[in-house]
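I have placed the structure first, in the form of C-alpha cells, so that the comments after it can refer back to it.
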C-alpha cells in the first residue's frame, strides 16, 4: 500500500506561487496548487467530510449473501463482508431501507442517488442527485466540479436540478488523461480558442433564446427558460474551463490506468476506483459517482455467464453460485478503495475520514426487479462505523435520510433531501 | 347547470371563477358511488375526491378529472365488485355533466398553449439532420446523452430535458461535424481500397494467440469455434475512421446438408481491453457460392471478425486445437472431418461516402463558391462580406427550417463578420464561426411552433421529422414557406414522396425501434443452457423480421388486424429453423423472403420473436409485463401503474411451479383484481412463448416434472379463450380498437404529445375515413398527418 505524506490544511494560492514563495516540496503525489485534502480553511472546517463518492450497481447485490443476520456492532460478517473485516470499523451496513415511492426495476436507476419518486408510468420529476447537489454548491474550487463515471456506458445516476441525466465517461485512459496529462501547447491553444469562441456562440444563442421566448406561448416560454439557464450555465463553465486550461495538471506517479479485462467487471471497476482515489488525493474533484454496469464477468474463475443473466438467477443454485463469485469481488473492490483512502494520512486523519463513500443499487432483488431493501454500505466520513443498522425488510426505512446526513456532513445546511423524513437514525460522528 | 358552464366556456378563467357549481352537480353521484373508497379517510389510489377541486385551468387537475371520466366511462369505476352499482342512467348523467366542461377546458388550453409544448430533436434526429445538412456521414450520436422516453418514444416533449451538458455536447458535436465537412471540402475524399486475399486473412501479427480463419486450398474458412475473438482478420484493420463497403467474394457453405450456414460479420478492436464487437451483418453461406456486400462504419483501428455464429441444433463445434486459447489447424483436415464452416475467396474493403462526395459537401458549405472565386474578390472587401452574408443566411434558413426576418439571423452573420475581420478574411474561419452557432441555436435544435394552426414551415418540419428524422429537403422547405403544404392534396402527395424517398426507410426503423422497443433487443442475453438454439444471428434476424413486416404494412396499406393475424411473413432460413416452422419453404442463400402464410398459423406482429423477447427478461417470462406491454402498445388500453408497496413475484426457473400459481394469490385480492382483469389475459395467452419467442408447453427446461403452461383466460369483455389462437381470433376481429391505438401511437411519435380528451372526435373522424381501406396502416398514417392533430400545435 502506498502511503503519502503531505501538508495538511496548507493551501497555496496562485498568487503565492507566482511570487515564488511557499512552494511545498516533498509532495510526490500532490499538486501543490490544490488544497490538501483536509479542510481548506484549516481548523474552522474540521468536523466535516467534504468529499462524496457514490458507487452504484445496476444489478444489485444478492440480499441473503450481503445482509448480516444480526444487527448492531457485534454482527457476524455475511459472506460478502468477510473480506472487509480488517476495515470493519470504517463502514456501516444498512439493511431494510430504500427510497419511498420508487419502483420500476431497472428504470429506477435514475433515482439511486436522487431518491426521486419513480414508477414505470410516471415521468421523472425535476430533481437533483446528491453528488450534483453537492457539486453545485461546493464543487467550484476544483478543476472538475464533479466526475460522473460508468464502467461500461453512458448512463449515470447523476442528475442536474432540472432532472437531466449527466452522461458518464467510461474510458479509463481518457479519464486519466483528462485528469493528469497536460495537453501539448498547440492543443491547449486550439482548445482555448474554441472555449473563447464557444462563449460568444453561447452569447448569441442565449440572446436568440430570449427573442424566441417573446414570440411563443406561456408554457413554451417556461420551457425555454430551462434552455436559457442551461446556455448561461454552459457559458459560465466554458469560462471556468478557460481559466484552468493553462494551469498545469497535478503530477502522479502512476503512468496510466491499469489494464483491465473487460470480461472481468470487478477488475474494470477496480481500474476506475484507482483513478478515483488519485483524483481525490490530488483534489482534482471532490464529488464522484461510478455506475457499475458492465456485463462481462466470464473471466472470473468459475463464471461462464453474463452478469445480467446471472442476476436473473431464478433461485437456480448454479446461477446463484456464479453470481456470488461476481458480487463478492465487487464488494471486495469497494473495500479496497476504502483502504486506499485510509492509507492517505496526515496528522489530522485520513483521506477516508474526509470522504463519504457509498455503495448501493436501485435493485434490492434483481431477480424480481424489486426496488425495496436496497443494498447499502456506507464508509468513511469520520462517522462511528462498525455496525449493522437493520431496519424492517417489510416496512423500509427511508434511505434519503442517509443522504441528508451525508449532505449536512459535507457542509451544506439543508433540512430535507427528496423524501427524507430526517437524518439517518443510528449514525453518529 | 352544465349548460350554463358550457356557455361560459370561452376562457378558462371564466370557469375557475366559479369552481363550486360543477362540483355541486356531481356531488350526489360521488356520494353514492365514490366516497366509499375515495374520501379523506381511505383515499384509495391516492385519490381523495372530497378534496379534489374543479380547476381545469390547472393541467394536473384537468388530468385527474379526465382520468375519472375515462374510468367511469369504461365501467372500471365503480368497480364491478362494488355492492351497489349505479344505474346506467345515473352514469350517463354523470358523464354528460362532466364531459362538455372538460372538453371545453382542454380545448381552451390547447388553443392558448398548444397540445404540444416546445420540444427538441432527439439525438438520432440531431445526427441525421446535421448529416443531411452538411452531406457528411460521421456518427454524432455518441456526443449526446441518451434521450429519456415516454411510452417508448424519445420524441415526446414532456420527458425531454436540456442542461448545460447538452449544450457543451451540442458544441462539441457541431465542431466534429464542421471539422469533417470543411476538411473534406478542402482535401477531397480518400479512395482507399484494400484487397484482403485468403492468404492475407490468415496473417497473424501477434506472437501466438492466433484467432484467425484457416487457409484451405486457396480459400479462407471460418469455423464454428467459440474462442473469444475467433474469426479475427488482422489484415482487415483500417487506419482511418469512416464508412467502408465490404465485399466478401464467393461466400460458400462448407459441408452443408443443403442448408445455409450462418455467420456474423463484426467489427471492433478485438482485444480483451476493448472487447465490444459491433455486428456489421449476417453472412449466409449456401451450398452455391455468392458474393455478399456490407456497408459499415469503422473506427480507426477496427478490424473485421467473421465466424460461424449459429446455435443450430446438431451443429458440432470445431475444436480450436491450439494451446492456451490459441487456434491451430495443423495436422487436421476439418473439411474432411465434416465440420461446418463458411468459405470465401477474398474480402474487398473500399472507402465510401454514403451521403455523397466531397464536391457535394463543399456545395453544402459554400454553394458554388470556389476558393479562386473568393481570392478573386480579395480586393473588394464589401463584395466578400456580401457573399459571406448570403452564405450564412442560406445555411441558417435551411437549418432553422423557416424564412426568418433579417434581424433574427443578423447576430449569426455578425459572428461570421467578426471572424472575417479577425482571420484576415479567411472564408472557412468566417463561415465556421457562424455555422457553429447556428448548429447550437434553439431554432435549429428545437421546433418553433406557435399556438393555433401551424405555419407551412412548421408543418413541413413536423412532417420531415416524423418521416425522415431530419429536416425538410429544399423541395419540401419551399412548399412549407409558400404555404402550399397546407393544402390536403399537396400534403398527402408529400407524405408519399417522403415515404418513397431513400430516407423514407427511416420512418419504419425509428418508429418501430421506439414504439415496439426494438432498441432494447440486446438488453438481455438469454441463458445459453435454457435456450441453446438462440444466438446473435437469430436476434438480428428477429429485428429485421419485424421491421420488414411493418415496412410492408405501411407500404402496402395492410390492415391493422395484421398486428394480430397476418397472411404474410418476412423470414430468413435461420428464423424458419429457429421457430421450427417446418411447413414454410425458404430458399437457402437468399436472405429475407416474403412468404404467404395461413393467418391461423403463427402469424402477426404479436407472435414475432423480437416482440416476445423484449417483453421478457432473458430468463423467464412474466405474463404481467407482457400483458401490460400488449395492452399499452398494441391494444391501446392504458394500464395504471401498480400501487406502491406491491411485492414483485420472484421468478423461479427451476420449473416446479408455474408463474400463474405464484400470481394467483396476488391477483385474487380485490384491490388488484380490477387491473389484472385487463392485464393478465394477453399475458396468459402469450405464455406459450418462452423468453426467446419459442413455442413451449412446459416451464423450466421442459422436462416432465416441469409445470404445464396454461394459456387460457377471459378477456375483460368476458370472452373466454383456451389459448393463444382463440385470443388472437378475438382481437383480430376488433380492427377499430387496433387502429385507434396505432393512431394514438403515431400522434405521440409524430407530434410529440398524446391526443387529448378534446381530440376524441378528430380521432373518430380519422378512423371513419379509414374504414373503407380496412384500417390500412398507410391510410391511417396519411389521415393522421392530414388531421388537425398534426396541423395545429
Is the range A:273-379 rounded, prolate or oblate when judged by the Cα gyration tensor, a ≥ b ≥ c being the square roots of its eigenvalues, rounded requiring a/c under 1.5 and prolate requiring a/b larger than b/c?
prolate
The simple spin-label model distance between residue B:720 and residue B:426, using points 7 Å out along Cα→Cβ, in nm, is 8.2 nm
Using Cα centres only, tell me the gap between the range B:294-373 and the range B:122-196 in whole Å.
25 Å
Give me B:542, A:173 ranked fewest to most by other Cβ atoms within 10 Å of their Cβ, as a rough exposure proxy.
A:173, B:542
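Take every DSSP beta bridge whose two residues both sit in chain A, then give the antiparallel share in percent to the nearest 5.
Values: 14 of 41 bridges.
Taking every DSSP beta bridge within chain A, about 35 percent pair in antiparallel fashion.
Starting from 0.36 nm per residue, how many nanometres of slack lie between residue B:199 and residue B:350 once their C-alpha separation is accounted for? Before the final figure, lay out the partial values.
Values: separation 151, 0.36 × 151 = 54.36 nm, distance 1.88 nm.
Full extension from residue B:199 to residue B:350 adds 52.5 nm.
Of all beta bridges DSSP finds with both residues in the protein assembly as shown, what is the antiparallel percent, to the nearest 5? Write down the numbers at each step before the final one.
Numbers: 71 of 98 bridges.
Here the share of antiparallel DSSP bridges comes out near 70 percent.
Per the Kirkwood definition applied to all pairs of different Cα atoms, how many angstroms is the hydrodynamic radius of the protein assembly as shown?
Details: mean 1/r = 0.0303 Å⁻¹.
About 33.0 Å for the protein assembly as shown.
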Would you look at the GNM of chain A, springs on alpha carbons closer than 10 Å, and say which of A:416, A:82, A:223 moves the most?
A:223
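Based only on other Cβ atoms within 10 Å, what is the fewest-to-most ordering of B:792, A:190? Walk me through the numbers on the way to the answer.
Working: B:792 20, A:190 12.
Going from least to most buried by this count: A:190, B:792.
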For a quick check, take a GNM of chain A with Cα springs below 10 Å and name the residue from A:402, A:238, A:273 with the largest mean-square fluctuation.
A:238
Sorted by Cβ neighbour density within 10 Å, fewest at the top, the residues B:727, B:31, B:406:
B:406, B:31, B:727
Under a point spin-label approximation (7 Å from Cα along Cα-to-Cβ), what is the residue B:637-residue B:523 distance to one decimal in nm?
2.2 nm
Can you compute the modelled spin-label distance between residue A:425 and residue B:323, with each label point 7 Å from Cα toward Cβ, in nm?
6.4 nm
Asserting the computed 222 nm helical MRE of chain B (DSSP H runs at least 4 long, -39500 (n - 2.57) per run, divided by residue count, to nearest 500) equals -13000 deg cm²/dmol
So how far, in whole Å, is the C-alpha centre of the range A:312-348 from the one of the range A:167-228?
38 Å
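Just from its helices, what would the mean residue ellipticity at 222 nm be for chain A, if runs of 4 or more DSSP H residues each count -39500 (n - 2.57) and the sum is divided by every residue, rounded to the nearest 500 deg cm²/dmol?
The helix contribution divided over chain A gives -11000 deg cm²/dmol.
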Relative contact order for chain B using alpha-carbon pairs under 8 Å, separation at least 6, rounded to a whole percent?
12 percent
Find the centroid of the Cα atoms in the range A:79-101 and in the range B:517-568, then give the distance between the two in whole Å.
44 Å
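Computed from the coordinates by the stated procedures, all read-outs in this text should not be read as laboratory data. Keep in mind that this is a model prediction, so the values were computed, not measured. All Cβ positions, even for glycine, are placed from backbone atoms using ideal geometry, and neighbour counts span all protein chains on display.
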